[in-house]
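Colleague: I have a structure I would like to understand better, so I am pasting it below and will then ask my questions one at a time.
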Amino acid sequence: MTRVRPAALVAAALLVGAACGGTDASSGASGARAGPGSRATDTDAPLIATADDRGSFSVPCPYSHTAGDDPIVHPGHAGLSHRHDFFGATTTDAGSTAGSLLAGGTTCRSVADRSAYWSPQLRAGETPVAPTEVVAYYRTPVGVDARAVEPLPNGLEMVAGDPYTEAEQDPAVVHWSCGKSGVPSPVPVRCPAPGASLGLWLTFAPCWDGTNLGSADHYSHLAPVGAGGCPDSHPVVLPEVQVEVRYPTLPPGDLSLASGPLTGGHGDVLVAWAGDHMPSETAICLRTNTRCDVS
């Protein structure tokens, strides 16, 4: 049953969004907003997010294009990377920056989301498998005070997964499955059930060092949440971003990834949100621990 947020909570959240610049945060939402998880109050008591009760909003972004580019790992070097499928920003190439993405178009349902999302090309035999879309889920990280979540900064580089590993990766970071409730697999699989499309799930670390938008190894400026929340070395709590790359029915042939080992599922995000939409959604949905339009 859908629960509607109390009017007072909505009004308070909109005031917070207005303080961030006044954008109507509902302009980019897909569908009706669902009711609150743990409700915010006027006290300073922590509002701890749990796996079953945390703030969230989502953005679907259809497939845009495929290229041998990677503006995070190989910036400025066109064609140097293995082939990636790109979603969201329509201008993404090897030289992309947050500024260039913000100046271009997007496939995302929220026109404010000009971020670039990408993952390695999946093949069946010699045939590239064209994905349909990604759905980017932005959530309050489990185990942190929702009130502490800060908006993602434009230009932040995010990488999840190791493209070259031959070992199984942590399924909490990278896994494949048939539909949302499918059994996690370390490698892509063919889905037997009708209507259960294959998905690559990638979860990006939400704790930021507060200074660096990227790092030499592309990972160390971000860190996972620990038992006590974000570590002292990475004290800024950002939204936890999880990306689901969706694929249609697969053609015949052995499955492979353009990056190498089948266990090397990975993906990247280069953050670029226009206007004050990200601060507003963070205030309305994540800091109040409210579930908004998660599909």
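Where a number appears in this text, it was derived from the coordinates with a stated rule and is not lab data. None of the values given here were measured: they were computed from a predicted structure. Every residue, glycine among them, receives a Cβ derived from its backbone with ideal geometry; neighbour counts consider all protein chains shown.
Colleague: Rank these for me by crowding, 117, 247, 164, going from fewest to most other beta carbons within 10 Å.
Modeller: The fewest-first ordering by Cβ neighbours comes to 164, 247, 117.
Colleague: What's the local net charge at residue 179, with K and R +1, D and E -1, over the other residues with C-beta under 11 Å away?
Modeller: Around residue 179, the surrounding residues sum to +1.
Colleague: With only alpha-carbon atoms counted, please give the Rg and Dmax of region 7-286, in Å.
Modeller: Using the Cα atoms of region 7-286, the pair Rg, Dmax is 18.5, 59 Å.
Colleague: If we count other beta carbons within 10 Å of each Cβ, what is the order of 92, 97, fewest first?
Modeller: Fewest to most other Cβ atoms nearby, the residues stand as 97, 92.
Colleague: Also: Ranking 202, 286 by Cβ neighbours within 10 Å, fewest first, what do you get?
Modeller: Working: 202 25, 286 29.
Ascending number of Cβ neighbours within 10 Å: 202, 286.
Colleague: FRET efficiency for residue 218 and residue 183, Cβ-Cβ distance as r, R0 = 35 Å, nearest 0.05?
Modeller: Rounded to the nearest 0.05, the efficiency is 0.75.
Colleague: Let me ask something else about it. Using the Cα atoms of region 115-185 to build a convex hull, what is its mean projected area in square nanometres?
Modeller: 7.1
Colleague: Starting with the highest mean, order 263-271, 213-221 by the number of other Cβ atoms within 10 Å, averaged over the residues of each peptide.
Modeller: Ranking, from highest mean packing down: 263-271, 213-221.
Colleague: What is the percent of Cα-Cα separations in region 36-190 that go past 19 Å?
Modeller: Tail of P(r) above 19 Å: 64 percent of Cα pairs.
Colleague: Might you report the magnitude of the Cβ-based charge dipole of region 130-182 about its Cα centre, with Lys and Arg at +1 and Asp and Glu at -1, to the nearest 20 debye?
Modeller: On the way: 3 positive and 8 negative charges, 67 e Å.
With only Lys, Arg, Asp and Glu charged at Cβ, the dipole is about 320 debye.
Colleague: Could you work out how far apart the two model spin labels at residue 53 and residue 254 are, taking each label as a point 7 Å from the Cα in the direction of the beta carbon, and quote it in nm?
Modeller: 5.0
Colleague: Sticking with this structure for a sec: Would you calculate the convex hull of the Cα atoms in region 148-288 and tell me its volume per residue in Å³?
Modeller: Roughly 147 Å³ of hull volume per residue.
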